[in-house]
Structures are given as structure tokens and as C-alpha cells.
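This report refers to the structure that appears directly beneath it.
The values are calculated or read from the model by the stated rules, or taken from the named source; none is laboratory data. All values reported here derive from a predicted model rather than from experimental measurement. Neighbour counts run over all protein chains shown; Cβ positions are idealised from the backbone, glycine included. Side chains included, ligands, DNA and RNA excluded: accessible areas come from the protein's heavy atoms. Shrake-Rupley method; radii C 1.70, N 1.55, O 1.52, S 1.80 Å.
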Amino acid sequence: MSAPVDFSVWAPLPKRVRLQVDGTVHEMHRGDGGWWRAEVEAGPEADYGFLLDDDDTPWPDPRSRRQPNGVHGLSRRFDPAAYRWVDRAWTGRPLAGGVVYELHVGTFTPEGTLDAAVGRLDHLVELGIDFVELLPVNGFNGTHNWGYDGVLWYAVQEEYGGPAAYQRFVDACHQRGLAVIQDVVYNHLGPSGNYLPLFFPVFAEGGATTWGNSVNLSGPDSDEVRRYIVDNALMWLRDMHVDGLRLDAVHALVDERATHVLEEMAQEVDRLSVAEGRPLTLIAESDLNDPRLVTPRVAGGMGLTAQWSDDFHHALHATLTGEGQGYYADFAAAGLAGLAKTLTGAYFHDGAWSSFRRRHHGRPVDTNVLPGWKFLAYLQDHDQIGNRAVGDRISASLSPDLLAVGATIVLTSPFTPMLFMGEEWGAATPWQFFTSHPEPELGKATAEGRIGEFAEHGWDAAVVPDPQDPETFTRSKLDWSELEREPHSRLLGAHRALLALRRAHPDLLDPDLSAVDVSWDDADRWLVVHRGSLRVVANLSGEPREIDLDAPAREVLFASGELPVLDGRTVTVPRESAVVLSTR
């Protein structure tokens, strides 16, 4: 049933804007600040678009909530308030003490939809997960993509089920006690279907990032560009009931203002959190190694909740695999001392020399002020798998025993642990870089760009899969039948046991980085992490190791393989295994 609807769009660039609703064109009226408005009769699912100047092509709404025919098609009205939520009792979940699980909707299940993903949520609950983090779901061109080529930030990709399916997914998560984090990208726009520059100056003059033009955060007309970003963040949290956002590559947000857009966002999200009566989380992906990102605003920081810790990943990856190419070089050279440094201080490059960057990088974390839970720790994530030449998981390089050792170090760390989908059972399927650009020239350029990028890292360009080949996408889907086979089921059991142990022992949840102590031996390849009364002992070598502790071990709380031998202050740990011991 049609009713009067107030359509509006910010378009300071064109001199004329018309509105097309279900095939009928209406003139719009320009108001203050470049906003155009028109009140038009429209149904609740009317298709509409905007005609700019004398062009008769209707373009999608920059704030479109739904794109049923892709990013080049008309927008469709969608009322988020029409959904009847069942999660009214949901009071949210603080990040502190939680465990995050990162997944990509299109490859998490064979169907690749949000509704299908609901069918696997009980697996996450049984595993011991607290937060489900979705890779970007906003509108992109094509049928499958990582999500970082999005061009319509307010829409949910139709192949995933659109915005209604998204609401059902969040509701289903909350009913199971799972919080939801949405990965969002504000540092660039995808290469196809981006019509925002026709409406407003979304890009900064002369600025560029690795992925394209810089977003206009501090140039002329940037007030409304920033509003476009902050409103999008609030939309996910308010209208879609999301519990947090993961902010992609915030180091690429070039903002010369006194108040950075991230600080502005944090302020508004904090206000929304009070209004909603539940904690709302902002997690940054940052290459800056700057603790001020996650320092509270009252202490002079930007006030974000947490950030990813790539340094921890790099140190652990280099330790387990021995890889030392590219940005792994410093971590491989440091040996176990590098891993110990990140376990106690979050950053490895804390003002130290970075050979990969050919300069000093970062600043130290004040461990007396910032708790460990503000840093996310992981053995794998989408970047560290998908940006390898063949998209191979670490399970392709390590034995199941060493995978369990890596899991033990992550899940007993003082940080907020994060798992990448399938990691919990050592999935054998790769997770490769895939695209579905309809434009042949763009698909070719993307494939050639990947080959050139990998050549710089010394990888064989001949083995790089074509991102445009549909099989690259299909190969990256999880094989859920693996859970029933060894060694996958055993590794899954280890993850479940470690997560249960983490919940049961306050010492493992203690975020005080200044209280963490690490001892190690590079020659014999062992590491001991002190977590209160607990000792996490990892033997990375191919031989059993006899290790002296600082106190007698009274009880074995977890063993990734065969049980260790306890003899007072000495423990003998089997090859390629980890144990958690209690000294009380």
C-alpha cells in the first residue's frame, strides 16, 4: 500500500536531481547544504533511483538499504523497523573475557547465505565462542567477493539474503548468547559500481591508498562525508542490533582534523550504547602500532575498544613455521624472544627498527594502563590466509600436533582470542582470494595485480589461482564433513577443552599484561608462559623436553597430546605438544 514518503539525498555536485519511483519521475528540491528532497507516494518495497542533471539514467541511492538487482540497479525501499525482534532480553556482551570467531558468509556453508549460517551457530556455541565476526556484507559488484570491494555501505549483499536475512541472523545469534561484530570498510570503495562521486566529493583530492583514492575526511565538503560514515556505523549497531564493528585498515583513513573521524565515531557509539543499554564495541585493524587508538578519551586517546594484533600473529606464525620472508623477517630473526615480547607487551615493533618498512615503527604499550583484552590475538585470519599465494591455511604447513600447540598459546594468552572459520578443526580447504567482477578488463587487471604482488614476496606467480575463476571461490568453502574425521575431530576437541579451561580459570582471563612472564630456550625450542598460578608450557621441538619450572606443578589441566611427566619443579613435555599446569 502506497503512502507519502520523504525521499532525500545529499548531492551537492549536480545542479538538478530528479527522483524515479516505480518508473515515474519526480522533481526534487534543493535545500540547505546540498540536500535534495521530495515527498512522493511509494509502496514499502518501491524501487527507486536518482537522475542527476540532464542524465536520464537512474542511479542507486548512496544510502540504499537494499539492491535486489545488484549495485548497478535501482534501490528498493527497506524498513528495518518492520522486523519483529525476538532478542528483547539481549543485554549485549562486553569484549573483555570474550572469544571472537571470524567468518565469511559466502564460504562458511555450501549455500553461502546468512540463513544457512544460522544452521551452524550451535557449533559455535558448543565450541565456546562469544562473538561472531562477519567479513563485510555490504553491496559489491558480482556474486561473490571477500567483501572489501563494497560500494554501497548501507546495503546487505543480495546473494547473502539481503537485509531481512541479516536481521534474522543477528536475532538468531542473540538467542544463542552470541554477540555479532560486523567488519566495515571506510578507507576505500570498490572498483566497480561506485556512483558516489556523481553525488558528492567522497574522495580527497590527490590522496590515494593501496586500494584506491583516499576518502575525503578533512577536505571541502567533508562534514557530510564524515556524517555518511558515522551514520553507517550507527545504522549497523542500532537498526541491525549489531554489537560491534571491526574497522578495516584504519591507518588508511587520512584525517587532518584535530578530532579524528575515529574519535568522533567512538563518541557517538558511546552515546548510542547508553541509549541502547548494551555494550557496543569498536575494534580497529591498524598497522600503526599506536596504543593511543585504544586508550580511553579521558586519557588522551581515541577511545576505540580494541585492535587486532598483527605483531602477535607474525611472531607466532614465524615461530611455528620458520617463515622469514617479507614482514616475517624481524620476527623470524628474533626467535622465541619475539613471541615473548608480544605476549607481554602486545607490540613487537614498539619504536623498534622494522626492516620491512626500513624505518623505526610504533610506540610501546603502557602495560600498567592498557589491559590485554584490548588486543585481539590469532594464529590465522582472513588476510593471513587469503593473501598468501595459494590461500593455504597454516594447517597445510604444520602437523596437527603443532596446530594444537599454536591454539594453546592463542587461547591461553592475555589477549582476546580470535579464530578464523574452520581453524578449530584444522580445515584442509584453502581460503583463496576470489572475485566475480562482471567487467572482463577489471577481472584481468585484478588477476595480474595479484601476481605482481606475490612476485614481490618471492612466491611463484605460476601457482597463484585466478581470482575470477569460479572454482577459486568454490574451493574456499568449508568442508563440514571433516569434523567427523581424524585428525580434525581431535583438534576440535582440543579447542573446545582450551576454551572451557579459559572460562573456568580466572588466571587465564586476567588481562594484566604486566603480570605475564615468559621464559624460553631457542636451542631446545620450548616456551613457558606464566599466567598467575598456571604455567603454559609449549614444546615446539621434535623431541621430548625436560623443562625446569619456577614452582612445582601440582596438576595437569590440559594436554594437547600425551600427558607430561611431573617431577617437582621439572616437567617433561612430549614432542610438539603443549600443557597447562597448575602450581597450586
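When Asp255, Asp401 are compared by accessible area at a 1.4 angstrom probe, the order from most to least is Asp401, Asp255.
For a straight C-alpha distance cut-off of 23 angstrom, the lysines reachable from Lys341 (same-chain residues fewer than eight places away being disregarded) are Lys374. Extension gain, Leu483 to Arg297, is 62.5 nm, computed as 0.36 nm per intervening residue step minus the present C-alpha separation.
Among 120-127, 27-34, sorting by the average number of other beta carbon atoms lying within 10 angstrom of each residue, highest first, gives 120-127, 27-34. Once the Cα-Cα distance is subtracted from the 0.36 nm per residue extended length, the Thr209 to Phe356 segment shows a gain of 51.1 nm. Judged by the ratio a/c of the largest to the smallest principal axis of the C-alpha gyration tensor, region 63-110 counts as oblate, that ratio being 1.5 or greater while a/b is no larger than b/c. Taking only protein heavy atoms and a 1.4 Å probe, the accessible area of the chain is 49% carbon and sulfur.
Helix 261-276 against the longest principal axis of the chain: what's the angle in degrees, Cα atoms only, rounded to the nearest 10? It is inclined by approximately 90 degrees. Pairwise inverse Cα distances across region 128-220, averaged and inverted, put the Kirkwood hydrodynamic radius at 14.7 Å. Dividing the summed -39500 (n - 2.57) terms of all DSSP H runs of n ≥ 4 by the residue count of the chain sets its mean residue ellipticity at 222 nm at -8000 deg cm²/dmol.
Rolled with a 1.4 Å probe across the full set of protein chains, the surface gives Ile129 an accessible area near 10 Å². The packing ranking, built from the mean of other Cβ atoms within 10 Å per residue, places the peptides 234-245, 510-521 in the order 234-245, 510-521, highest first.
With the highest mean first, a sort of the peptides 318-329, 147-158, 357-368 on other beta-carbon atoms found within 10 angstrom per residue produces 147-158, 318-329, 357-368. Based on the alpha-carbon gyration tensor of region 354-394 and its eigenvalue square roots a ≥ b ≥ c, which shape applies: rounded if a/c is under 1.5, prolate if not and a/b is larger than b/c, or oblate? Oblate, because a/c is 1.5 or more while a/b does not exceed b/c. Take the chain with all the other protein chains still there, run a 1.4 Å probe, and you get 38 Å² of accessible area per residue.
Taking the Cα centre of region 235-371 as reference, the dipole from Cβ charges on Lys and Arg (+1) and Asp and Glu (-1) amounts to some 280 debye.
Annotation for Arg363 and Ala445: the two label points, set 7 Å from Cα along the Cα-Cβ direction, are 3.8 nm apart. Under the rule a/c < 1.5 gives rounded, and otherwise a/b versus b/c splits prolate from oblate, where does region 361-466 land using the Cα gyration tensor? It is prolate, given that a/c is not under 1.5 and a/b is the larger ratio. Relative to the longest principal axis of the Cα atoms of the chain, helix 400-411 runs at roughly 70 degrees. Between Phe375 and residues 5 or more places away or on another chain, which pairs have amide H atoms under 5 Å apart, with H built 1.01 Å from N, and which residues are they? Excluding prolines and chain starts, which carry no amide H, the hits are Gln307, Thr416.
Taking 28 Å as the straight-line reach from the Cα of Lys444, the lysines in range (excluding those fewer than 8 positions away in the same chain) are Lys477.
Helix 222-238 and the longest principal axis of the Cα set of the chain meet at an angle near 60°. About its Cα centre, the dipole of region 67-181 is roughly 360 debye, where the only charges are +1 on Lys and Arg Cβ and -1 on Asp and Glu Cβ.
Put simply, the C-alpha atoms of the chain give a gyration tensor, and the ellipsoid matching it has half-axes of 44, 24, 24 Å, longest first.
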